[in-house]
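K.L.:
Take this structure, written in structure tokens, and hold onto it; I'll ask about it next.
Derivation of every value follows stated rules applied to the coordinates shown; laboratory data play no part. Please read all numbers here as calculations on a predicted model, not as lab measurements. Methodologically, a virtual Cβ is constructed for each residue, glycine included, from the backbone with ideal geometry; neighbour enumeration extends over all protein chains shown.
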Amino acid sequence: MDSTDGDGPANPGAGGPSDPGSGSGSGSGSGSGDTPGPDPDPDRPPRIPLPRASVEDTGRPLPELDELPPPAPLVLEHQVLKSLLGAWALAACSAQETAAVEDHLGVCGSCADEALRLRGAVGLLQRPESLDLDPGLRTRVLDRCLDRRPPRIPIPGWAMPYDAETARLDALLQDFGDAEWHAPVRLRWFDADEATSRRTTVAGVMAHLLSVDGLVAVALGLDDPLGAATADAPTPSGRTEAYWRASHFPPTRSVRTPWREQSHDLVRTVSFTGGTAGKLEVAYGDFTLPLHDAMLDRAFECWVHAEDIAEAVDYPYDPPSPRHLNRMIDLAARMLPAVLAHRRQKGLTAPAPGRRLVSAGGPGRTLRLEIEGLGGGEWLIPLDSPAAVGSAEHEVAHVALDGVEFCQLAAGHVPPAEAAAGQVGDRAAIRDVLYAAASLSRM
């Protein structure tokens, strides 16, 4: 199999991949099997060169590197430098041009003023975007999916805000560590026209939401998270205090799982009813709400307390989508006449001078509540009786507020005297409505 002449091997030291002697690079084999060939010429270089030694292994000093001189600075005329200001503001200049422009800005006041103006304009064109998702993104994605394939069991429209707000809050809690779960939170509300607060933790807030959501769960026939402690705790605040006493205190991150499971059960149950359970009464102790309003109430409180949690951990949190925010504002506006009547019975609101309470269904004194911005609209609030009908012909006052600020007022986070953006008309009526909105708040 070898190709040789009389002088020796024709291909010393070479072999194919299957020749184990060919990888030595020393030329000691002929590549023919077990019979070694004659030694190659010692002065002849090997066919495969040996690894080259590194200079660091020789002990000799490394060669000096010739340092490149820095590039000479550009020398440009004033007009050229001025023409580069726009590119400099956009960070589109080369390194030399940038150095030349910035050196020039230190000695030329007019160019410095122009550069400052251009840099501000660039900031307006490239506004920083929040890394947080748009709160309406989930709703838009679901709407697009449902347009393509409607759900077999749809969620009633009045339960969608609750579904969206619990999902947003759960996403906020996703990456919380122990330090965040025990971050201090102060719950705030108004009681008898006085600002009131209660100190707790992030986990304590979630225990509060779990307890009060249990009112809706009981109305739907689901398990009550308080168990046997419900008899002595008919109100939201009473249920919260009872849960805090009965559970591990202070609550820990373990409260997240039962809260999320309960929120899923509530949405699933009202969906299976086909929306027919919307008028089912939910008892809050001192008052009752239809189920469809109770679900809006729970969505509102979930958003408010999610903002409390986000503030405690120094994280931004956006308001609900405008469509859901409008539903929450509408619920508060519809509750105001009954709250006004309750405050009048307790002497917190004086009766209208020289007027008697109107009959059921009749028009009476009316305040126009105008909500601007997100979830905006107008509501005519009857002032004299919950049975009266708001009428533009009997309007005695007009109040304008931002939508989010009105919700903060109804949550007890904004003092009534600081809430209204615009007021026209009967000052006493305006004050009564603003304080009635603040008294909607509770722990």
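K.L.:
For segment 334-438, take N as its residue count and report Rg(C-alpha) divided by 2.2 N^0.38 Å.
P.N.:
Values: Rg = 12.9 Å, N = 105, 2.2 N^0.38 = 12.9 Å.
After normalising by residue count via 2.2 N^0.38 Å, the value is 1.00.
K.L.:
Take the Cβ-Cβ distance between F287 and R427 as r, set R0 to 22 Å, and report the resulting FRET efficiency rounded to the nearest 0.05.
P.N.:
0.15
K.L.:
Once the Cα gyration tensor of segment 78-125 is diagonalised, what are the square roots of 5 times its eigenvalues, in whole Å and ordered largest first, as equivalent ellipsoid semi-axes? Kindly include the intermediate steps, with their values, before the conclusion.
P.N.:
Numbers: eigenvalues 50, 34, 13 Å².
Semi-axes from the Cα gyration tensor: 16, 13, 8 Å.
K.L.:
Give the order of R144, R198 when sorted by the count of other beta carbons within 10 angstrom, beginning with the fewest.
P.N.:
Fewest-to-most Cβ neighbours within 10 Å comes out as R144, R198.
K.L.:
Which ³J(HN,Hα) values, rounded to whole Hz and listed in residue order, are derived for segment 421-437 from phi using the Karplus coefficients 6.51, -1.76 and 1.60 in 6.51 cos²θ - 1.76 cosθ + 1.60 with θ = phi - 60°, glycine and proline given as x?
P.N.:
Once θ is set to phi - 60°, the couplings for segment 421-437 become 7, x, 9, 9, x, 4, 5, 5, 5, 5, 4, 4, 5, 5, 6, 5, 5 Hz.
K.L.:
Report, to one decimal in Å, the Kirkwood hydrodynamic radius for segment 138-250 based on all distinct Cα pairs. Walk me through the numbers before you get to the answer.
P.N.:
Working: mean 1/r = 0.0602 Å⁻¹.
Across segment 138-250, the inverse of the average 1/r is 16.6 Å.
K.L.:
What list do you get for R268, R149, R327, R260 if you sort them by fewest beta carbons within 10 Å? Walk me through the numbers on the way to the answer.
P.N.:
Values: R268 13, R149 7, R327 22, R260 17.
In increasing order of surrounding Cβ atoms, one gets R149, R268, R260, R327.
K.L.:
Can you figure out the FRET efficiency of A195 with L380, using R₀ = 22 Å and their beta-carbon distance, to the nearest 0.05?
P.N.:
Result of the calculation: an efficiency of 0.15.
K.L.:
Please compute the modelled spin-label separation between A167 and V141, points set 7 Å along Cα→Cβ, answer in nm with one decimal.
P.N.:
0.8 nm
K.L.:
Once R0 is set to 45 Å, what does the formula 1/(1 + (r/R0)^6) return for the Cβ-Cβ distance between H264 and R117, expressed as a FRET efficiency to the nearest 0.05?
P.N.:
Computed FRET efficiency for H264 and R117: 0.25.
K.L.:
Which cross-chain or sequence-distant (5 or more) residues have an amide H under 5 Å from the amide H of T201, H modelled 1.01 Å from N in plane?
P.N.:
Residues meeting the criterion, in which the H sits 1.01 Å from N, are V185.
K.L.:
Rounded to whole Hz and in sequence order, give me ³J(HN,Hα) for segment 136-143 from the Karplus expression 6.51 cos²θ - 1.76 cosθ + 1.60, θ = phi - 60°, writing x for Gly and Pro.
P.N.:
x, 5, 4, 5, 5, 5, 5, 4
K.L.:
Please list log₁₀ I(q)/I(0) at q = 0.12, 0.18, 0.21, 0.22 Å⁻¹ for segment 143-202, using the Debye equation with identical point scatterers on the alpha-carbon positions.
P.N.:
Evaluating at q = 0.12, 0.18, 0.21, 0.22 Å⁻¹ gives log10 I(q)/I(0) of -0.58, -0.85, -0.93, -0.96.
K.L.:
Taking the beta-carbon count within 10 Å as an exposure proxy, list R140, R323 from fewest neighbours to most. Mind dumping the intermediate values first?
P.N.:
Details: R140 11, R323 15.
With the fewest neighbours first, R140, R323 line up as R140, R323.
K.L.:
Roughly speaking, what is the stretch gain from V313 to H342, that is 0.36 nm per residue apart minus the C-alpha to C-alpha distance, in nm to one decimal?
P.N.:
Here the segment from V313 to H342 would lengthen by 6.7 nm.
K.L.:
Check which residues have an amide H placed less than 5 Å from G364's amide H, if you skip close sequence neighbours.
P.N.:
Counting only residues 5 or more places away or on other chains, the set is V389, S391.
K.L.:
Please list the non-local residues whose amide H lies under 5 Å from the amide H of L374, H modeled 1.01 Å from N, same-chain partners needing a gap of 5 or more.
P.N.:
G403, V404
K.L.:
In whole percent, what relative contact order does segment 356-443 give with Cα contacts below 8 Å and a gap of six or more residues?
P.N.:
Rounded, it is 27 percent for segment 356-443.
K.L.:
From the backbone phi of segment 281-291, what are the Karplus-calculated ³J(HN,Hα) couplings (6.51 cos²θ - 1.76 cosθ + 1.60, θ = phi - 60°) in whole Hz, Gly and Pro given as x?
P.N.:
Karplus values, whole Hz, x for Gly and Pro: 7, 10, 7, 10, x, 8, 7, 10, 9, x, 4.
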